[in-house]
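Engineer: Please read through the structure below; I'll follow up with questions.
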Amino acid sequence: MRRIISVLLENEPGALSRVVGLFSQRNYNIETLTVAPTEDETLSRLTVTTTGSDKVIEQITKQLNKLIEVVKLVDLTEGSHIERELMLVKLKATGSQRAEIKRTVDIFRGQIVDVTSSVYTVQLAGDSEKLDGFIQAVGTAGVLEVVRTGVSGIARGEKVLSL
Amino acid sequence: MELLSGADMLIRSLQDEGIEYIYGYPGGAALHIYDALFRQDKVKHILVRHEQAAVHMADGYARATGKPGTVLVTSGPGATNTITGIATAFMDSIPMVVLCGQVASHLIGEDAFQETDMIGVSRPVVKHNLSVRHPEEIPEVIRKAYYIAATGRPGPVVVDIPKDMTTPNERYEYSYPKKVKLRSYNPAIRGHAGQIKKAVDMLLAAKRPVIYAGGGVILGKASNQLTELTRMLGYPLTNTLMGIGCYPASDKQHLGWLGMHGTYEANMAMHHSDLILAVGARFDDRVTNATEKFCPGARIIHIDIDPASISKTVEADVPIVGPVDAVLKEMLALVKESKDKPDASALASWWKQIEEWRAFHGMRYETSPDVIKPQEVIELLCKLTNGEAFVTSDVGQHQMFAAQYYKFDKPNRWINSGGLGTMGFGLPAAMGVKLTHPDDEVLCITGEGSIQMNIQELSTCKQYNLPVKIINLNNQALGMVKQWQDMNYESRHSQSYMESLPDFIALAEAYGHVGVRIEKKEDLETKLKEVLAMKDKLVFVDIYVDRFEHVYPMQVARGSMKDMWLSKTERV
Ligand SMILES: Cc1ncc(C[n+]2csc(CCOP(=O)(O)OP(=O)(O)O)c2C)c(N)n1
Ligand SMILES: [Mg+2]
């Protein structure tokens, strides 16, 4: 099953490589990984999406917790949560395609953030399925370049992951 | 406050940490530190002949004393030479701090002379590693390193020290921190009371219980509590290779050790049990055999300080995360005050069954009128040293024979590389033990393959007068490899022979030691007595043993606990 694990990590050199190293060392999957400092500059927030059986996921969270620099973590998929990913896409846009693309972008509530006579650059945020859906809708033939940030997530409601 | 250079701060920190010995080898990036070492005499440095041996020495010291060992090496090749030793300590959870020189900060990343990313290289085999980024941090980094190494589930910690952190003429205020606080590292200090209660209820209700104890009992200094609880319950106990000595081997409740080369009775009891109390053990593949066939009728209580060890390979029914000594103490108290008692009649028939298994096989081997059997060498050594020696071993058949036939009644005396299985561990580990236990007998049981992996340390032994006894069970082959080839590859002995063995006697003498060769069975006892009488001499005893011997019992690959070869021809 796909899981989103959210980690508070000491914002120190080498901490990220320990997390990444752990995944390859123990043969765990990483699908996406995002990391950036939080409002408390001594902490980074890292989100990793992974897949595995319940047993594997349990090991992943336990092994992550064992890393000295991991302060706290939560498996967001255990409760209701919000996940977002940002995508920038360059699309071939000439002639009648231009209006068609514009319509699709509107339907997906994206924005065209850069324009040339033959190219649109589109920005789109949402969960990973929505971003996949957009690519499908415009058709891969017209896609020149895709950049995705990977998933960030947060729990719904009052729950917070903090010190 | 005192002003000290980074190098002096480092050595002062070691003094304040109470470190007596460090094992190491100098080189460019560590020279400021070596100079600081020279200008004091509290911390003693042992100069090895290869950095790997420094780590195994520190490891032997740590296993015998329960205190963290310390290593000091230079950058690049000095640091990379420690990796096998660090990985050995990591796999067996041995507390240790490895101080590595590094090129000066401004050179890092430039492929400078003797630059290696030691933080990166060591990462998968350390509990943690730390770099010094400013000389002023040194006392705190050192305090943290020992704290992390020795608490929770212990392990090795590497500290990377760029040369400019130890510059002699830059001085800073020195004070050694009394405490460390790490917000992200808080090992459990006691187990969950509800889980402990549940475990005790299950324990007292069991009909066919087995206690399965591991190295965690020794690391967690919980042998007394374990022994008391086991005796109070009257239950059978088996321990792992790493747990040898955690419970007296001469006691009748002790079934010997379990797993691949464990006793018949221990493996049978495990397989047929209805309740397993696992204490500081980790259900590794050399113990469980095929996990899907593991102990089908047993419910499992698992106590461990490391939550990741619980339900990793075999699912626990009652997990208890906590230090084994504290948890066992609470269990003892509950058992004492409980009105439930172990089911005496169920226990009696369980013991009857176990005694039948014990009588059916026990530990046995066939003797020969003229050839020396490796097992009898170990039995004799055990007798001649009253089972009180510190015994280190290398890896191979000799290791298994030593573990099977030397009966340890005390913890911290059986010292071997169980997790990584590192040939070359035995001699330096014995040296680390002998240095701090000069009055105890220290035996290194080895094979002619393994001993050659760190034989250069005979020179270190001469320098520091370390009269260990090296017992070379010379079967003229990489015996364990050969055994597997006999069993699985129709005796195709691919590269498992040593075709040009050195004259070990001459070699020992060349290093200034004594060498004794034993080839005849009738000489064995007298010669071993003579060897042990040479208290102040390192003696290399080269014993020609049966070249065709195999280690039994041996579990059948991918079978259950109870599927074993008992000899070359008997399979159960
Ligand atoms: C460093 C290292 N290399 C290879 C092995 C694989 N190995 C395990 S036992 C063994 C043979 C050991 O031979 P010896 O020391 O003579 O012991 P014996 O089995 O003959 O008693 C080998 C090569 C190992 N454990 N460690
Ligand atoms: Mg051999």
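Quick note: the coordinates plus some simple rules give every number you see, no bench work behind them. This is a predicted model, so every value here is computed, not measured. In this analysis, Cβ positions are derived from the backbone assuming ideal geometry, glycine residues included, and neighbour counts consider all displayed protein chains.
Engineer: Quick check on chain B: take the gyration tensor over C-alpha atoms, sort the square-rooted eigenvalues as a ≥ b ≥ c, and tell me if it's rounded (a/c under 1.5), prolate or oblate. Don't jump to the answer; show the numbers that get you there.
Structural biologist: On the way: a/c = 2.02, a/b = 1.24, b/c = 1.62.
Judged from the Cα gyration tensor, chain B comes out oblate (a/c at least 1.5, b/c at or above a/b).
Engineer: Just report the Cα centroid separation between the range B:334-401 and the range B:418-446, whole Å.
Structural biologist: For the range B:334-401 versus the range B:418-446, the Cα centre distance is 22 Å.
Engineer: Listing B:Leu258, B:Leu528, B:Leu380 from the residue with the fewest other Cβ atoms within 10 Å to the one with the most, what is the order? Write down the numbers at each step before the final one.
Structural biologist: Numbers: B:Leu258 29, B:Leu528 23, B:Leu380 16.
By the 10 Å Cβ count, ascending, the order reads B:Leu380, B:Leu528, B:Leu258.
Engineer: What distance in nm separates the two pseudo spin-label positions at B:Lys198 and A:Ser162, each 7 Å out from Cα along the beta-carbon direction?
Structural biologist: With each label point 7 Å from Cα toward Cβ, the separation is 3.3 nm.
Engineer: Shielding by partners for B:119-125, please: the mean number of other protein chain Cβ atoms within 10 Å of each residue's Cβ.
Structural biologist: Working: counts 4, 3, 0, 0, 6, 6, 1.
Shielding by partners across B:119-125 averages 3.
Engineer: Give, as ranges by residue number, the residues of the range A:75-110 whose backbone N falls under 11 Å from the point 7 Å along Cα→Cβ of A:Arg148.
Structural biologist: Zone members listed by number: A:85-88.
Engineer: Simple spin-label model, 7 Å along Cα-to-Cβ: B:Lys341 to B:Asp536 in nm?
Structural biologist: Taking the simple label geometry, B:Lys341 and B:Asp536 are separated by 5.8 nm.
Engineer: So if we plug the beta-carbon distance of B:Lys352 and B:Asp439 into 1/(1 + (r/R0)^6) with R0 = 41 Å, what FRET efficiency do we get, rounded to 0.05?
Structural biologist: Values: r = 44 Å, r/R0 = 1.07.
Efficiency computed from Cβ-Cβ geometry: 0.40.
Engineer: For B:Phe113, B:Phe90, B:Phe401, what ranking results if the residue with the fewest other Cβ atoms within 10 Å of its Cβ goes first?
Structural biologist: Working: B:Phe113 11, B:Phe90 20, B:Phe401 27.
So the ranking, lowest neighbour count to highest, is B:Phe113, B:Phe90, B:Phe401.
Engineer: Grab every C-alpha pair in chain A, bin the distances at 5 angstrom width from 0 up to the longest one, and report whole percents.
Structural biologist: 2, 8, 17, 17, 14, 12, 10, 9, 6, 3, 1, 0
Engineer: Eigenvalues of the Cα gyration tensor times 5, then square-rooted: what semi-axes does that give for the protein assembly as shown, in whole angstrom, largest first? Intermediate results must be reported in sequence, preceding the final value.
Structural biologist: Numbers: eigenvalues 489, 244, 134 Å².
Largest first, the protein assembly as shown gives 49, 35, 26 Å.
Engineer: Hey, fewest Cβ within 10 Å first, where do A:Val115, A:Val48 land in order?
Structural biologist: On the way: A:Val115 11, A:Val48 26.
The fewest-first ordering by Cβ neighbours comes to A:Val115, A:Val48.
Engineer: Which translational diffusion coefficient, to the nearest whole µm²/s, is obtained for the range B:193-360 from the Stokes-Einstein equation, given a Kirkwood hydrodynamic radius over C-alpha pairs, 4 °C and 1.567 mPa s?
Structural biologist: Values: Rh = 15.5 Å.
Estimated via Stokes-Einstein, D reaches 84 µm²/s.
Engineer: With Cβ to Cβ distances under 14 Å as the rule, what net charge do the other residues near B:Leu334 carry (K, R +1; D, E -1)? Mind dumping the intermediate values first?
Structural biologist: Details: positive: B:Arg190, B:Lys197, B:Lys198, B:Lys329, B:Lys336, B:Lys339, B:Lys341; negative: B:Asp201, B:Glu228, B:Glu330, B:Glu337, B:Asp340.
It works out to a net charge of +2.
Engineer: Shifting gears a bit: With a Förster radius of 41 Å, plug the Cβ-Cβ distance of A:Leu88 and B:Glu140 into 1/(1 + (r/R0)^6) and report the FRET value to the nearest 0.05. Mind dumping the intermediate values first?
Structural biologist: On the way: r = 44 Å, r/R0 = 1.06.
The calculated FRET efficiency here is 0.40.
Engineer: Same structure again: For A:Asp127 and B:Ala104, what is the calculated FRET efficiency with R₀ set at 51 Å and r taken between the beta-carbons, to the nearest 0.05?
Structural biologist: Numbers: r = 48 Å, r/R0 = 0.95.
E(calc), rounded to 0.05, equals 0.60.
Engineer: Give the cross-link partners of B:Lys181 among the lysines, using a straight C-alpha distance below 26 Å as the criterion and excluding same-chain residues fewer than 8 apart.
Structural biologist: Once the sequence-local lysines are set aside, what remains near B:Lys181 is A:Lys62, A:Lys66, A:Lys72, B:Lys67, B:Lys127, B:Lys144, B:Lys221.
Engineer: Moving to a separate point now. Would you tell me the mean number of C-beta atoms belonging to other protein chains that fall within 10 Å of each C-beta in B:404-413, as a whole number?
Structural biologist: Working: counts 0, 0, 0, 0, 0, 0, 0, 0, 0, 0.
Across the residues of B:404-413, the mean count of other-chain Cβ atoms within 10 Å is 0.
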